Amino acid sequence: MVSRSSPSRPKDGTARPIPDGAAQEIPLHSGHRERLRERFLSGGSDALPDYELLELLLFMAVLRKDTKPLAKMLLNEFDGSFADLIAASPERLRQIEGLNDNMIASLKIVEAAAQRLARGKVFGKPAIASWDALLDYCSARMARAPVEEFRVLFLDRKNVLIADEAQARGTVDHAPVYPREVVRRALELGASALILVHNHPSGDPTPSRSDIVVTREIAAAAKALQIEVHDHLVIGRGNHASFKALGLL
């Protein structure tokens, strides 16, 4: 058996040279970070399972420590969902033992980057022609929010997306919306059409009775000013509901 103890010293106090081929004590994660980075850079995100991608992310916040146990623990905390983890609020993340503010900031930067990437694929482009990208953007922005949020996408005459604004934030099952304010803002922006969007934190995108009522009120107020409401999207977890497709608009 090869001993891992420190090299013995002769009586004069000088260390004996380590023979060629002898084992040396090195940190268990030595070289692992470099190999993981290389796999990521050469193969992209598909080359890494979620826990290794998270491990790689945590490298930026943890300089001299093996981050694999922490990465696996964090994923386990969120039932294996990388998306749920990075979408969690800073307050929720601070409740997890072992996470500091640097680590939390790294996670939230990834979420912000994902949202901006999705936003870049739809802004300044015809919304109807970029419908899948629009759904991806709305999902990235709202699907995992802990409370209801009502947003309005404002379009110009060519249906190009010119603005996306939150009109209301509420509770887990309600966000107060005022049709007059929605239409007033559309006039300020010179919008010719709207797409209404809100999320259901429960994950079920089925429109509620109050969703239907407020949508019809907004559509009526907008129509009076020759502003069209193209659709109302309800965003759930991994799915959505379209008022237009359901015949509700």
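Restricting segment 101-129 to residues that are among the charged types (D, E, K, R) and under 15 Å from the mean Cα position of the chain (by Cα) leaves a set whose member that is nearest to ALA193 (Cα to Cα) is ARG119.
Candidates in segment 65-91 are the residues that are in a helix (DSSP H, G or I) and among the small types (Gly, Ala, Ser); of these, the one that is farthest from LYS108 (Cα to Cα) is ALA71. Under the condition of being surrounded by fewer than 18 Cβ atoms within 10 Å (Cβ to Cβ) and of a type outside the set (Lys, Arg), the residues counted in segment 83-98 number 9. Scanning segment 37-60 for residues that are at pLDDT below 80 and outside any loop (DSSP other than H, G, I, E, B) returns a single hit, SER45.
Only strands (runs of 3 or more DSSP E) whose full extent lies in segment 131-249 are considered here, and the ones with at least 1 residues that are among the acidic types (Asp, Glu) and on the phi < 0 side of the Ramachandran plot are 149-155, 161-169, 228-235. Considering the conditions (1) of a type outside the set (S, T, N, Q); (2) out of contact with any Cys (no Cβ under 6 Å at 6 or more places or on another chain); (3) touching a residue at least 12 places away in the same chain (Cβ under 8 Å), VAL213 is excluded by exactly one of them, (3). ASP101: of a type in the set (D, E, K, R), surrounded by fewer than 19 Cβ atoms within 10 Å (Cβ to Cβ) and in the same structural domain as ALA193 (by TED's automatic domain parsing), yes or no? The answer is no for ASP101.
Looking only at segment 37-55, decide whether some residue is without any contact (Cβ under 8 Å) to a residue 60 or more places away in the chain, over 28 Å from MET142 (Cβ atoms) and among the aliphatic types (A, V, I, L, M). For segment 37-55, residues without any contact (Cβ under 8 Å) to a residue 60 or more places away in the chain, over 28 Å from MET142 (Cβ atoms) and among the aliphatic types (A, V, I, L, M): present. When LYS158, LYS223 are screened for being touching a Pro at 6+ places or on another chain (Cβ under 8 Å), surrounded by fewer than 20 Cβ atoms within 10 Å (Cβ to Cβ) and not aliphatic (A, V, I, L, M), only LYS158 passes.
The values are calculated or read from the model by the stated rules, or taken from the named source; none is laboratory data. Computed from a prediction, not measured in an experiment: that's the story for all the values here. A quick note on method: Cβ atoms are made from the backbone with ideal geometry, for glycine too, and the neighbour counts reach across all protein chains shown.
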